[in-house]
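The values are calculated or read from the model by the stated rules, or taken from the named source; none is laboratory data. The structure displayed is predicted, hence computed values, not measured ones. Here the Cβ is made from the backbone with ideal geometry for all residues, glycine too, and neighbour counts use every protein chain on show. Surface accessibility is based on the protein's heavy atoms, side chains included, excluding ligands, DNA and RNA. Shrake-Rupley method; radii C 1.70, N 1.55, O 1.52, S 1.80 Å.
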Amino acid sequence: MSDSISYDTKYLGAFVTNKDIENILPELETAHNYLTRKNGPGKDFLGWTDLPTSTGRAMLLDMVKTASRLRKKADIIIVVGIGGSYLGAKAAIEMLTPEFGEKKVFFAGFNICDEYLDGLLRMAKGKEIAVNVISKSGTTTEPAIAFRMIFDLMKKKYSRKELAGRIVCTTDNKRGALKAMADANGYKCYVIPDDVGGRFSVLSPVGLFPAAAAGIDISEMIKGAQKCRKELSSPDINKNQCYKYAAVRNILYRKGKRIEVLSNFDNKFHFVSEWWKQLFGESEGKASKGIFPASCDFSADLHSMGQFLQDGSRNIFETFLVDCEDRDMCVIPKEKSDTDELNYLAGKSLSFVNRKAYMATSEAHFEGGVPNSSIMIPAKTAFYLGQLFYFFQTAVAISGYISGVNPFDQPGVEAYKKKMFKLLGKPGA
Ligand code: PA5
């Protein structure tokens, strides 16, 4: 088994020619220089590039120790956050923990849905609770409301001293309401570095601490990210698969492919796609430009979106996330009567059938006019997820620079907030 994720471009065909690649090389070089010399747009937000090495052993151990203390103390650990302060942890936990096992970590503050929060609070009422509240600004409305309500419940159950052992804040080093609250009450605090933006924070305590709370080996995740970081240091597109992916995206965009669909054949990748959508959508969708990031979960979506992908508007390209591990945990049994006519698959594993479904889909979509490439993931482990996180973060930085935007700001997200605060009657809005 390979010890790195890899990028397969078999089904790009004539949609991306050698000449196209050659033509984009000068822009790729500029993007590489911006990133490595830290002198491009958004240069003050490149702290994520160093997280795999700056997150040292002592820091990892501290997070693991605190997480195991909370796991012992609490039946449930509620992680409160939204956007970049939610999706990375959710992606890691959904991908790396069992689907049907007893759940320890629950999320709140990522929506404004009353029934969700009410249900969570009712479930939490009779249980021992711990909380990790995550907000870089410390003022985001959704997590602030959720935390206020969870805190209200906890304060009825626990003394001030007990609360201090059950609340962990992940926030800015100096500023914000959360930092002030943590300092005033002696809550354990993890820092989101100033130069790390929300959607690039998964390899900081924002993603790592909740993952540790769910029992994931975060040092493996960091090791994976370190490996990927090393592998992506070459500016040579033939050696740097991430740069190739970034270049391919821009070439396809310039040929009218305005939508990228990140498709998987394993529902454990669902939230990796959600994380990816935020990363790419917020980083590239600005100045009236950008590839619209969408996602599909196959084979379920082959029975819905499959029609559009095969046959609809030809402004789409597709990237597959492929789990390469062969497993024999579900082997199809032989049935004497064979009324369902499945005996031709008897003795075959579900993982085998799923692989063939991927192979068939990538070929069919290519023939239908959807160029596609694949990110091959040797196995669903923390090590490879760390690689994948770092791969995509680097890819979007390079891709954004090639497309001529600042990949690290998000000026558009304020517009709805202003209107919402006015409607809510927020003082000063
Ligand atoms: O990527 C981003 O910057 C956003 O998605 C933020 O992470 C999100 O709005 C939450 O912000 P905060 O961590 O300040 O509560």
If you go through Asp75, Asp118, the only one that is more than 16 Å from the ligand (Cβ to nearest atom), assigned by TED's automatic domain parsing to the domain that holds Asp195 and within 30 Å of Phe421 (Cα to Cα) is Asp118
Can you tell me which residue is farthest from Arg229 (Cα to Cα) among those in segment 18-50 that are hydroxyl-bearing (Ser, Thr, Tyr) and within 26 Å of the chain's Cα centre (by Cα)?
Tyr34
Does Leu302 meet the test of being open to solvent by 40 Å² or more (accessible area, probe 1.4 Å), closer than 20 Å to Glu367 by Cα, out of contact with any Gly (no Cβ under 6 Å at 6 or more places or on another chain) and not in a loop (DSSP other than H, G, I, E, B)?
yes
What is the number of the single condition among (1) within 16 Å of the ligand (Cβ to nearest atom); (2) in contact with a Ser or Thr (Cβ under 7 Å, 6 or more places away or on another chain); (3) open to solvent by 10 Å² or more (accessible area, probe 1.4 Å) that Pro407 does not meet?
(3)
Is it true that some residue in segment 252-261 is touching a His at 6+ places or on another chain (Cβ under 6 Å), outside the structural domain of Asn132 (by TED's automatic domain parsing) and part of a loop (DSSP other than H, G, I, E, B)?
no
Would you confirm whether any residue within segment 148-161 is within 16 Å of the ligand (Cβ to nearest atom), touching a residue at least 40 places away in the same chain (Cβ under 8 Å) and not basic (Lys, Arg)?
yes
Can you tell me how many residues within segment 100-124 are over 20 Å from Ala213 (Cα atoms) and not hydroxyl-bearing (Ser, Thr, Tyr)?
9
Just one listed residue, out of Val248, Val168, is more than 20 Å from the chain's Cα centre (by Cα), part of a strand (DSSP E or B), closer than 30 Å to Phe391 by Cβ and more than 14 Å from the ligand (Cβ to nearest atom), and it is Val168
Of all residues in segment 131-147, which are part of a helix (DSSP H, G or I) and more than 14 Å from the ligand (Cβ to nearest atom)?
none
From the list Phe392, Phe366, which one is part of a helix (DSSP H, G or I), open to solvent by 10 Å² or more (accessible area, probe 1.4 Å), touching a strand residue (DSSP E or B) at 6+ places or on another chain (Cβ under 9 Å) and not hydroxyl-bearing (Ser, Thr, Tyr)?
Phe366
Kindly check whether there is at least one residue in segment 23-43 that is outside any helix (DSSP H, G or I), within 16 Å of the ligand (Cβ to nearest atom) and within 30 Å of Glu128 (Cβ to Cβ).
no
Can you name the residue in segment 228-245 that is over 16 Å from Glu27 (Cα atoms) and over 20 Å from the mean Cα position of the chain (by Cα) and is also most open to solvent (accessible area, probe 1.4 Å) among such residues?
Lys230
Give me the residue from segment 349-363 that is touching a helix residue (DSSP H, G or I) at 6+ places or on another chain (Cβ under 9 Å) and open to solvent by 70 Å² or more (accessible area, probe 1.4 Å) and, out of that set, farthest from Asp301 (Cα to Cα).
Phe352
Residue that is nearest to Leu51 (Cα to Cα) [pool: residues in segment 178-194 that are within 13 Å of the ligand (Cβ to nearest atom) and of a type in the set (D, E, K, R)]
Asp194
Got at least one residue in segment 94-109 being open to solvent by less than 70 Å² (accessible area, probe 1.4 Å), within 27 Å of Asp194 (Cβ to Cβ) and without any contact (Cβ under 8 Å) to a residue 12 or more places away in the chain?
no
Among (1) surrounded by fewer than 22 Cβ atoms within 10 Å (Cβ to Cβ); (2) in contact with an Asp or Glu (Cβ under 8 Å, 6 or more places away or on another chain); (3) closer than 30 Å to Pro378 by Cβ, where does Ala91 come up short?
(1)
Leading residue by the ranking (least open to solvent (accessible area, probe 1.4 Å)) among those in segment 410-429 that are in a helix (DSSP H, G or I) and basic (Lys, Arg):
Lys417
